[in-house]
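A.B. asks: So that we are looking at the same thing, I have put the structure below in structure tokens.
The values are calculated or read from the model by the stated rules, or taken from the named source; none is laboratory data. Owing to the predicted nature of the structure, the values given are computational and were not obtained by experimental measurement. Methodologically, a virtual Cβ is constructed for each residue, glycine included, from the backbone with ideal geometry; neighbour enumeration extends over all protein chains shown.
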Amino acid sequence: MKKVLLFAIIAMIAAVGWSGPLTLTVMTNGVQAFSEWEGFRGYAGVREKIAAEFGEKYGTKVVVLYRNQATGSMDVEALMAAGTPPDVWIDASGYFFGKYLNEEYAIPFQKYLDLSVFQKALLDIYTVAGNVYALPFSNVGGGFAVNKDMLDAVGYTLPEIGKWTTDEFLSLGAKLKAKGWPATMIMGKGGLNSWTKFWLYAFGAEDYKGGNLSKTAINSPETIKGLAYIKKLVDNGFAFGNPIEVNDDDAVEFFTIGKVFSSVMQNGHTDGWIPEQVRLGKIKAPINVRFTEVPHAAGREHTPVYGYQTVVVAHKQEDAQKNALVAKLAYALVSHEAQFYNTLLAGGFSTLNNWQPKLGTAASQTYQDVAGLMVTAGLLPIYQLGNKDAEVKKIWNTLSEQWFRGKLTAQAFLNQYEAEANKVLAR
Amino acid sequence: MKIRVALPLLAPALALWIVLFAAPMVMVGRLSLWNGNLVAHVNVGLRNYVEALRDSMFLKSFVNAGILVLLIVPARTIFSYRTASMLTGYGEGTRSIMRFVLYLPTLASGLIMGLIWRWILAKDGLLNGALAIAGIEAIPWLFEAWPARFSVAMVMLACGVGGDVIVFSMFMASIPVELKDQALVDGCTERQYRKRIMFPLMVPFILLVVLLSVSGTMQIWETIYVLAPEGGPEGSIATPVYEIFQTAFMFGRQGYAAAKGLMLVAVIALLLFTKKRLEKTMKL
């Protein structure tokens, strides 16, 4: 009997001893293949490679899980509720991470890692009360795309970044109009488009102030000035078509076929679409495009450009040693190696200091323009509103559409928006 | 004893009813008391219902649906009733072909019809092209509130009439032939027969079709989603179901959407009750 008991105890100890290495999980979005590299599994391939190397180096097993964005399967909430949250998760910021960037859920990376390698402006977006809860992996940026051929035709030299004012843009608008070219896209279909909203930021408008996301700050004299400017562009005939009938899809279409002088967009839009428009026979030769800042009101220094990041968040646990290991894994997933593939093949911008590659998709002039802009003009903050984002946008869209149609004054539009949006934001 | 016999016979249908209707309804009821979704949630009692009653967009969606009902239901009912009534004068072969042709658009999903109509109603689309030939200025079908409402009404008429014609034809066919023969022998004209005999017999069915059309109009969403995302100009064509869809799947508030859904069920139940009362008052 004693022998049996002894054997059982030894067997149990052996079983525990042989239960395998520590397993860490990484949850990421779906597999996206890089078309330029046939057979290679895109980001997923890079992440799996990094995970395998990490596991080998630290004697752990790293499992990569794929979230199906289309069906919403295996999202963080579902895994949290099941009691199996992923150790590290990677996704676009803003929509998914808002409520997790706090002490309760996320590892404060600055306690475990040297974060000086990252661009400070990007880290600041994810810093709450001095704690950095997310590491930026890829920055997708945009700027004010302008048609250089039209500029040359009217004999206008593009001012240096930060020197272009809204007043000057009006005088350029008149010159372009004389040639039959609308100066810009004002997008009001379904409401004042977020690309058009940059004309509000040009006057110093802000969506939120001081990181307070529980109430909007857009109801301000600066926004009123911005709205008046948008109206001036439309009334002077400097806007393309009827603003309530055009949106961002139209902006990309009509800008890339040379029908309008400028619009906010990403360099991915111009780099991808202009060759396509040539192929479709809509234009004979590619148009010459540069990216710059949206002109700003006199007295202001810059209009920020927009960018959103893919970020990596790590789940905080009781075990401090495990937290340190998980932080290292998160760091590996945003490393120079991972970012190299991203910038080289997918057109994403580096989030690291002093490292902007000039290879592959990163070699284009427009990529370099936008990369420079993000540093000089600054980035518009990304707001971690989660699902509330769509709700406040709906309010904004409906009311701004009424303003576009002249049914509401600018002040009434902003007052109503403030009242309704704050109800959602405070919830 | 009767229950003992009836229950085994009813069991398969009852089981399906419980699994596919009763249980989901109970779950929706529970969900409507939560803030969140089925996985992660906090119990908030009746707060979702109170919020829905103060939700201007949700309330506006009923106004939108009311306008769409006025634009769609009378036209749809009159047209389909008249068509079905007209078809009774033809032989079975012609009737079948006509019914098939009219029913054809109903077979396509709302999404497909929405896509086709978006192309027809586009600013440089087929309809404006035809108007231009006639020298009429282009109409912003999907960019102004009233044209957008008329556009939805047009699409729903094109898609829904066929089904109603089939239903009316079926009910008309159920009227005993002897009644008509008798009326004609008594000196009734065809017109008098339709007006004085067939129509009163059809009233309960007309009420049924009207009820189904009204409830169907409140539930249009995929056509709107395709025709004019964001619920059309200034949200003018967003119906209650479109609002519920947005709340659940775009704003991620499944609990709140469930409360809105149950409120819609209550409105439809009220319509059903009104129909029943009406039938009673009219002694149908």
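A.B. asks: Is there a residue in the stretch A:246-260 that is of a type outside the set (Ser, Thr, Tyr), in contact with a helix residue (DSSP H, G or I) (Cβ under 9 Å, 6 or more places away or on another chain) and on the phi > 0 side of the Ramachandran plot?
C.D. replies: yes
A.B. asks: With the structure loaded, tell me whether A:Gly173 is among the small types (Gly, Ala, Ser) and within 21 Å of A:Gln309 (Cβ to Cβ) or whether it fails that test. Write out each step before concluding.
C.D. replies: Working: among the small types (Gly, Ala, Ser): yes; within 21 Å of A:Gln309 (Cβ to Cβ): no.
In short, no.
A.B. asks: State whether one or more residues within the stretch A:205-218 are among the polar types (S, T, N, Q), buried (at least 23 other Cβ atoms within 10 Å of the Cβ) and touching a helix residue (DSSP H, G or I) at 6+ places or on another chain (Cβ under 7 Å). It would help to see each step written out before you state the result.
C.D. replies: Within the stretch A:205-218, the first condition is being among the polar types (S, T, N, Q), and the residues that meet it are A:212, A:214, A:216.
Within this subset, residues satisfying the condition of being buried (at least 23 other Cβ atoms within 10 Å of the Cβ) are A:216.
Remaining after also requiring touching a helix residue (DSSP H, G or I) at 6+ places or on another chain (Cβ under 7 Å): A:216.
Within the stretch A:205-218 (the criterion being among the polar types (S, T, N, Q), buried (at least 23 other Cβ atoms within 10 Å of the Cβ) and touching a helix residue (DSSP H, G or I) at 6+ places or on another chain (Cβ under 7 Å)), the answer is yes, since at least one residue qualifies.
A.B. asks: Looking at B:Ala153, B:Ala148, can you tell me which residue is within 21 Å of B:Ala238 (Cα to Cα) and either at pLDDT below 90 or more than 14 Å from every other protein chain (Cβ to nearest Cβ) (or both)?
C.D. replies: Numbers: B:Ala148 fails: either at pLDDT below 90 or more than 14 Å from every other protein chain (Cβ to nearest Cβ) (or both).
When all the criteria are applied, what remains is B:Ala153.
A.B. asks: Then there's this: Starting from the stretch A:233-262, keep only residues that are without any contact (Cβ under 8 Å) to a residue 40 or more places away in the chain and within 14 Å of chain B (Cβ to nearest Cβ), then list their pairs with residues that are part of a helix (DSSP H, G or I) and not basic (Lys, Arg) whose Cβ atoms are within a distance under 8 Å, requiring at least 6 positions of separation or different chains.
C.D. replies: Within 8 Å, the pairs are A:Glu253/A:Trp273.
A.B. asks: Mind checking which residues of the stretch A:290-326 are surrounded by fewer than 22 Cβ atoms within 10 Å (Cβ to Cβ), hydrophobic (A, V, I, L, M, F, W, C) and under 21 Å from A:Val64 (Cα atoms)?
C.D. replies: Within the stretch A:290-326, A:Ala324, A:Leu325 qualify.
A.B. asks: Somewhere in the stretch A:376-385, is a residue hydrophobic (A, V, I, L, M, F, W, C), facing chain B (nearest Cβ under 9 Å) and either under 21 Å from A:Asn247 (Cβ atoms) or outside any helix (DSSP H, G or I) (or both)?
C.D. replies: Residues of the stretch A:376-385 hydrophobic (A, V, I, L, M, F, W, C): A:377, A:379-380, A:382, A:385.
Okay, now just the ones that are also facing chain B (nearest Cβ under 9 Å), so none.
So far as the stretch A:376-385 goes, no, none of its residues is hydrophobic (A, V, I, L, M, F, W, C), facing chain B (nearest Cβ under 9 Å) and either under 21 Å from A:Asn247 (Cβ atoms) or outside any helix (DSSP H, G or I) (or both).
A.B. asks: Got at least one residue in the stretch B:102-115 being closer than 25 Å to A:Met187 by Cα, over 15 Å from the mean Cα position of the chain (by Cα) and of a type outside the set (Gly, Ala, Ser)?
C.D. replies: Looking only at the stretch B:102-115, we keep the residues that are closer than 25 Å to A:Met187 by Cα, and these are B:114-115.
Next, from what is left, pick out any that are over 15 Å from the mean Cα position of the chain (by Cα): B:114-115.
Retained after the next criterion (residues that are of a type outside the set (Gly, Ala, Ser)): B:115.
Yes, that holds for at least one residue.
A.B. asks: Return the residues of the stretch B:237-260 that are small (Gly, Ala, Ser) and either surrounded by fewer than 22 Cβ atoms within 10 Å (Cβ to Cβ) or facing chain A (nearest Cβ under 8 Å) (or both); say none if nothing qualifies.
C.D. replies: Filtering the stretch B:237-260 down to residues small (Gly, Ala, Ser) leaves B:238, B:248, B:252, B:255, B:257-259.
Result: B:Ala248, B:Gly252.
A.B. asks: Could you list, in sequence order, all residues of the stretch A:386-416 that are at the interface with chain B (Cβ under 9 Å from one of its Cβ atoms) and hydroxyl-bearing (Ser, Thr, Tyr)?
C.D. replies: A:Thr398
A.B. asks: Also, quick follow-up: Looking only at the stretch B:232-246, decide whether some residue is among the aliphatic types (A, V, I, L, M), within 18 Å of the chain's Cα centre (by Cα) and either more than 30 Å from B:Ala122 (Cα to Cα) or in a helix (DSSP H, G or I) (or both). Steps first, answer last, please.
C.D. replies: Going through the stretch B:232-246, the residues among the aliphatic types (A, V, I, L, M) turn out to be B:237-238, B:241, B:244.
Cutting the leftovers down to within 18 Å of the chain's Cα centre (by Cα) gives us B:237-238, B:241, B:244.
Then drop every residue that is not either more than 30 Å from B:Ala122 (Cα to Cα) or in a helix (DSSP H, G or I) (or both), which leaves B:241, B:244.
So far as the stretch B:232-246 goes, yes, one or more of its residues are among the aliphatic types (A, V, I, L, M), within 18 Å of the chain's Cα centre (by Cα) and either more than 30 Å from B:Ala122 (Cα to Cα) or in a helix (DSSP H, G or I) (or both).
A.B. asks: Quick one: count up the residues across the stretch A:259-282 that are farther than 13 Å from A:Met150 by Cβ and assigned to a loop (DSSP other than H, G, I, E, B). Before the answer, list the steps.
C.D. replies: Our first condition is that a residue be farther than 13 Å from A:Met150 by Cβ; within the stretch A:259-282, this holds for A:264-282.
Within this subset, residues satisfying the condition of being assigned to a loop (DSSP other than H, G, I, E, B) are A:280-282.
Of the residues in the stretch A:259-282, 3 are farther than 13 Å from A:Met150 by Cβ and assigned to a loop (DSSP other than H, G, I, E, B).
A.B. asks: How many residues does the stretch A:293-351 contain that are in a loop (DSSP other than H, G, I, E, B), more than 22 Å from the chain's Cα centre (by Cα) and at pLDDT below 95? Full working, then the answer.
C.D. replies: Just the residues of the stretch A:293-351 that are in a loop (DSSP other than H, G, I, E, B), to begin with: A:293-295, A:297-304, A:306, A:316-319, A:334-335, A:347-348, A:350-351.
Now narrow it down to the ones that are more than 22 Å from the chain's Cα centre (by Cα): A:297-301, A:316-319.
Subset that is at pLDDT below 95: A:298-301, A:316-319.
So the count comes out to 8.
A.B. asks: Could you grab me the full set of residues in the stretch A:400-412 that are of a type in the set (A, V, I, L, M, F, W, C) and either in contact (Cβ under 8 Å) with a residue 60 or more places away in the chain or not in a helix (DSSP H, G or I) (or both)?
C.D. replies: Filtering the stretch A:400-412 for residues of a type in the set (A, V, I, L, M, F, W, C) gives A:403-404, A:408, A:410, A:412.
Hits for the stretch A:400-412 are A:Trp403, A:Phe404, A:Leu408, A:Ala410.
A.B. asks: Okay, next question. Against the definition (within 28 Å of the chain's Cα centre (by Cα) and basic (Lys, Arg)), how does B:Arg4 come out, yes or no? Break it down stepwise before answering.
C.D. replies: Working: within 28 Å of the chain's Cα centre (by Cα): no; basic (Lys, Arg): yes.
The answer is no for B:Arg4.
A.B. asks: Under the condition of being charged (D, E, K, R) and more than 14 Å from every other protein chain (Cβ to nearest Cβ), which residue from the stretch B:46-98 is nearest to B:Tyr193 (Cα to Cα)? Steps first, please.
C.D. replies: Here is the first cut: in the stretch B:46-98, the residues charged (D, E, K, R) are B:47, B:51, B:54-55, B:60, B:76, B:82, B:92, B:95.
Filter once more, keeping what is more than 14 Å from every other protein chain (Cβ to nearest Cβ): B:76, B:82, B:92, B:95.
Details: B:Arg76: 23, B:Arg82: 14, B:Glu92: 20, B:Arg95: 20 Å.
My answer is B:Arg82.
A.B. asks: A follow-up question, please. Among the residues in the stretch A:353-362, are any within 27 Å of A:Ala52 (Cα to Cα), polar (S, T, N, Q) and buried (at least 22 other Cβ atoms within 10 Å of the Cβ)?
C.D. replies: No, the stretch A:353-362 contains no residue that is within 27 Å of A:Ala52 (Cα to Cα), polar (S, T, N, Q) and buried (at least 22 other Cβ atoms within 10 Å of the Cβ).
A.B. asks: Being within 14 Å of another protein chain (Cβ to nearest Cβ), among the aliphatic types (A, V, I, L, M), on the phi < 0 side of the Ramachandran plot and assigned to a helix (DSSP H, G or I): is that true of A:Leu425 here? Break it down stepwise before answering.
C.D. replies: On the way: within 14 Å of another protein chain (Cβ to nearest Cβ): yes; among the aliphatic types (A, V, I, L, M): yes; on the phi < 0 side of the Ramachandran plot: yes; assigned to a helix (DSSP H, G or I): yes.
Here the answer is yes, as A:Leu425 does meet what is asked.
A.B. asks: So is A:Ala419 in contact (Cβ under 8 Å) with a residue 40 or more places away in the chain and within 14 Å of another protein chain (Cβ to nearest Cβ) or not?
C.D. replies: no
A.B. asks: Could I ask something else about it? Would the stretch B:247-255 turn up any residue that is touching a residue at least 24 places away in the same chain (Cβ under 8 Å), of a type in the set (Gly, Ala, Ser) and part of a helix (DSSP H, G or I)?
C.D. replies: Yes.
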